[in-house]
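Scroll down for the structure; my scribbles are underneath it.
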């Protein structure tokens, strides 16, 4: 007679793979229904580690994740889809989701009081780029996942991971394609210092020019910091002050690209005849602009789901090395190019 129940015994009894049973017992990401079945079987069959397994189940239940941002995310089309992915992913777990917006030092102090009053197991930072606040967050020792990240000169210490839409190679590849089609000059529009993804899009444009043996001439770019609203009126003024139009504008995101189209229209500059325009994010409005905007799409709902899986992994493996995870972007070619 066998003296102890093994993982393989549990797998055979449940008709599951040994790997699935092992994941469930060790708190890895499996559907809640599967996890419950494995733990109940472990208890009933007397699996030697069933107490640990039960604790694992308890540790994944009754958690609270907090979404931290500096903007009202539900007012931004892009983030609505990301939040939907986050919420769909949480249906497999007993996890409460709360949100907090920080717009000034007073609200950050209020946030810290909130953390001291309520147990939070992990934080998801979206549209949150203040390095001063991020440094204080990391000192709390909580698991953090960032959707995008600020530019920084030195590594930050703490338990965190970064999720990004892949930008550099996507923009570089399309710019090189446009260069082959006889685009020779490019201008970037947006504050490339705003966040890592903006900088990578800016870098992708520059790399395409460099690899094609063309000069990287920033006289065609509009690189004001975020203090300048990138609205049609301001962009029209900035474009009219350029020494010449580039063959193509690469915008930091779709919102800026759509405002470029409005500014060009007011200046009676035709797209794509006089200048091409490329955005990024493929928000809903890009399909209906005049003309429809060329952009890059990332599956935003899948992005939200990936954020949750990474945060759970960070909680279960707190000492693992910090990660930067890229989600592939796909060119959506429309009439502006």
Check: Residue check: is residue 284 at pLDDT below 95 and outside the structural domain of residue 146 (by TED's automatic domain parsing)?
Finding: yes
Check: residue 202 versus (1) surrounded by 12 or more Cβ atoms within 10 Å (Cβ to Cβ); (2) more than 23 Å from the chain's Cα centre (by Cα): which is the lone unmet condition?
Finding: (2)
Note to self: Being at pLDDT below 95 and over 25 Å from residue 167 (Cα atoms): is that true of residue 312 here?
What the structure shows: yes
Item checked: Counted residues, segment 138-153 - those being touching a residue at least 24 places away in the same chain (Cβ under 8 Å), closer than 21 Å to residue 326 by Cα and not in a strand (DSSP E or B) -> 4
Note to self: Checking the structure you have, find out if any residue of segment 103-119 is farther than 26 Å from residue 136 by Cα and at pLDDT below 80.
What the structure shows: no
Notebook entry, point to check: Out of curiosity, is residue 106 without any contact (Cβ under 8 Å) to a residue 12 or more places away in the chain and part of a loop (DSSP other than H, G, I, E, B)?
Noted result: no
Notebook entry, point to check: Counting only residues that are under 21 Å from residue 71 (Cβ atoms) and part of a helix (DSSP H, G or I), how many does segment 114-137 have?
Noted result: 9
Next item on the list: Please enumerate the residues belonging to segment 151-196 that are out of contact with any strand residue (DSSP E or B) (no Cβ under 8 Å at 6 or more places or on another chain), buried (at least 17 other Cβ atoms within 10 Å of the Cβ) and under 25 Å from residue 115 (Cβ atoms).
Entry: 195
Checklist line | residue 135, sole failed condition from (1) at pLDDT 90 or above; (2) outside the structural domain of residue 263 (by TED's automatic domain parsing) | finding: (1)
Next item on the list: State the number of residues belonging to segment 290-306 that are buried (at least 16 other Cβ atoms within 10 Å of the Cβ) and either under 19 Å from residue 222 (Cβ atoms) or free of Cβ contacts under 8 Å to residues at least 40 places away in the same chain (or both).
Entry: 5
Check: What is the residue count in segment 293-309 for residues that are out of contact with any strand residue (DSSP E or B) (no Cβ under 9 Å at 6 or more places or on another chain) and more than 16 Å from residue 165 (Cβ to Cβ)?
Finding: 1
Notebook entry, point to check: Of these, 159, 71, which one is outside the structural domain of residue 191 (by TED's automatic domain parsing) and within 30 Å of residue 286 (Cβ to Cβ)?
Noted result: 71
Next item on the list: Among the residues of segment 314-337, write down those that are touching a helix residue (DSSP H, G or I) at 6+ places or on another chain (Cβ under 7 Å) and assigned to a strand (DSSP E or B).
Entry: 325, 327, 331
Notebook entry, point to check: Mind checking which residues of segment 37-58 are assigned to a helix (DSSP H, G or I), at pLDDT 65 or above and touching a helix residue (DSSP H, G or I) at 6+ places or on another chain (Cβ under 7 Å)?
Noted result: 37, 38, 39, 41, 42, 43, 45
Item checked: Flag if residue 245 is touching a residue at least 12 places away in the same chain (Cβ under 8 Å), more than 20 Å from residue 199 (Cα to Cα) and buried (at least 22 other Cβ atoms within 10 Å of the Cβ) -> no
Check: Filter segment 118-132 for residues that are farther than 13 Å from residue 195 by Cβ, buried (at least 18 other Cβ atoms within 10 Å of the Cβ) and free of Cβ contacts under 8 Å to residues at least 60 places away in the same chain; which is farthest from the chain's Cα centre (by Cα)?
Finding: 120
Notebook entry, point to check: Quick check: is even one residue across segment 256-274 free of Cβ contacts under 8 Å to residues at least 60 places away in the same chain and in contact with a strand residue (DSSP E or B) (Cβ under 6 Å, 6 or more places away or on another chain)?
Noted result: no
Notebook entry, point to check: Do the conditions hold for residue 331, that is, is it buried (at least 21 other Cβ atoms within 10 Å of the Cβ) and in contact (Cβ under 8 Å) with a residue 40 or more places away in the chain?
Noted result: no
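The values are calculated or read from the model by the stated rules, or taken from the named source; none is laboratory data. Here the structure is a predicted model, which means the values were calculated and not measured. For neighbour counting, all protein chains shown are included, and Cβ atoms are generated from backbone atoms with ideal geometry for every residue, glycine included.
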